[in-house]
Each structure stands twice: as C-alpha cells, then as structure tokens.
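Notes to accompany the following structure.
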Amino acid sequence: MKIPKQAYTTEFKELAVKRVKDGQSISTVIKELGLGDQTLRNWVKHQQKASSKALAAKWSPPKKWNCPDCASRTCGSSGRTKY
C-alpha cells in the first residue's frame, strides 16, 4: 500500500527552516515537528538556493568593455572581438 504524500503549508515550511537557521539542530526540529529526515534538509537547501539567486539578481556585473563608443563584444573602431 502506498503512503499518501503529506502536504505542508508554505508558512509551516518557512517556520521550520527559520528554526534551523536560528541555531536548532535539524534532528531536533525533525523530531519536534514529526517530519521526515530528508524533507527538512531539502527545504533548507531550497531556501539557501533561493537566497543566493535573490542576491545574484541584485548584483550587476561590472562593465567588461573598455571601449566607450561601443557596448557590444565587438568594437566598431578596431573590429576585434573583446572577451
């Protein structure tokens, strides 16, 4: 017999991850909330990836091209490809 998949609310997931980030061990939070071992680890990993993507979206890379007349990889004055 197949065990039905448990559905958790977004708020529940966020609170569980927050407890881990606040310093509680994953094993303690798992026992207190009755979660599966890998479930909470996946939520924490997902939260870390989402945070790093948000930081990456805010960061803009420095301008790579030195030629003030062009904004593309090829400089119109020399015709060379810049990398």
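Within the stretch 5-58, the residues that satisfy the criterion of being outside any helix (DSSP H, G or I) and open to solvent by 100 Å² or more (accessible area, probe 1.4 Å) are Lys5, Gln6, Asp22. Among residues of the stretch 12-39 that are free of Cβ contacts under 8 Å to residues at least 40 places away in the same chain, none has a Cβ under 6 angstrom from a residue that is open to solvent by 70 Å² or more (accessible area, probe 1.4 Å) and not in a helix (DSSP H, G or I) at a sequence gap of 6+ or on a separate chain.
The values are calculated or read from the model by the stated rules, or taken from the named source; none is laboratory data. All of these numbers come straight from a predicted model, not from anything done at the bench. We place every Cβ from the backbone using ideal geometry, glycine too, and count neighbours over all the protein chains shown. When the accessible area is computed, the model is the full protein with side chains, heavy atoms only, and any ligands, DNA or RNA have been set aside. Shrake-Rupley method; radii C 1.70, N 1.55, O 1.52, S 1.80 Å.
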